[in-house]
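For reference, the structure discussed in these notes is given below.
All of the numbers you see were taken from the coordinates with simple rules; none came from a lab. Everything numeric here is computed off the predicted structure, so don't read it as measured data. Here Cβ is always computed from backbone atoms with ideal geometry, including for glycine, and neighbour counts include all displayed protein chains.
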Amino acid sequence: MTNDVSDWWRTRIIDMEPGRIELRGTPVQELIGNRSFAEMIWLMVMGEEIKGPRAALFEAALVAAVDHGPQAPSIAASRMAITCGIGLNNAMATGLNMLGDVHGGAGEQAVAMYHHVERAGPEGLAGALGTWRAEHGPYLPGFGHRFHKPTDPRAPRLLQLVDECAETGGVPGAYAQIGRAIEAHLADERGKPVPMNIDGATAVIYAELGCPAPLARGFFCLSRSVGILAHAWEQTEQGGRNKGPTPPGYRWTFDG
């Protein structure tokens, strides 16, 4: 039983009364103009400050995943939704609701996989990947890309920034080593490059920063919402009515 109606909701995030707003214990007017948006996201979600190279690394991960074009289901859905006559907020919700275990979940899965490999130690990589596949299937989240071959242009830059942050002591650098070891293992296994993709690279950053795996997906959703908004607004300006996934001259395959 609660002692008072106020106990129905309990939070350490915000406290306020008329004329006063405090976020994580700091007056909002002291945060405005003194925190970047990325720093504010971290403070709100993680409950602690992030500064310097760590903050720059977090922001780089958010920037890298904002968009992947209208072929991405989340983006396509938002654009189609706009042509149905709904508003930007509804179109954004439509796009965000497309982010599931397959489209949007690989970053969370990759963080979990990196932790699994870490527990096995440097000599246990092959065995750790084997047990991961036995439980989760042959696909290793965060590696390979159906479009960007042989390299996802975002991954090398993100890993470079991890290395630079590690040199300052901002992050340990261990997960970047794990990611590169998995990439090398896959190349030997397949006989061709299987490069780290955006999900694998941002997962390295989130693991380095100490984020729980589910938050890797949450931060990806925040990042991709920028692209969803951009495309929804562009489609609003372009117009169009009831646009489906293909031009009307194309038909589906009937199996009956």
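Of note:
- Spatial separation of Cα centroids for the stretch 153-178 and the stretch 214-228, in angstrom: 20 Å
- Taking the average, over residues, of other Cβ atoms within 10 Å as the packing measure, peptides 74-84, 103-113, 122-132 rank 103-113, 74-84, 122-132 from highest down.
- Pair R20, R157: separation of 7 Å Cα→Cβ label points (nm): 4.5 nm
- Long-range tail of P(r) for the chain (Cα pairs > 33 Å, %): 33 percent
- The stretch 1-45: translational diffusion in µm²/s, Stokes-Einstein, Kirkwood Rh over Cα pairs, 25 °C, 0.890 mPa s: 204 µm²/s
- Over the chain, dividing the summed -39,500 (n - 2.57) contributions of all DSSP H runs of at least 4 residues by the number of residues returns a 222 nm mean residue ellipticity of -17500 deg cm²/dmol.
- Backbone amide hydrogens, once placed in the peptide plane, bring F143 within less than 5 Å of N197, excluding anything fewer than 5 places away on its chain.
- Between the stretch 46-76 and the stretch 87-120, the alpha-carbon centres lie 12 Å apart.
- Set against the 2.2 N^0.38 Å expectation for a compact globular protein, the stretch 48-92 has a Cα radius of gyration ratio of 1.66.
- Once the Cβ-Cβ distance of I32 and T168 is raised to the sixth power relative to R0 = 30 Å, the FRET efficiency obtained is 0.60.
- In nm, spacing of pseudo-spin labels at T253 and N3 (7 Å Cα→C-beta vector): 6.6 nm
- Theoretical gain in end-to-end length, K149 to R241 [0.36 nm per residue, Cα-Cα removed]: 29.6 nm
- Relative contact order (%) - the chain, alpha-carbon pairs under 8 angstrom, separation at least six: 26 percent
- Between M40 and D101, the simple spin-label model (points 7 angstrom out along Cα→Cβ) gives 3.6 nm.
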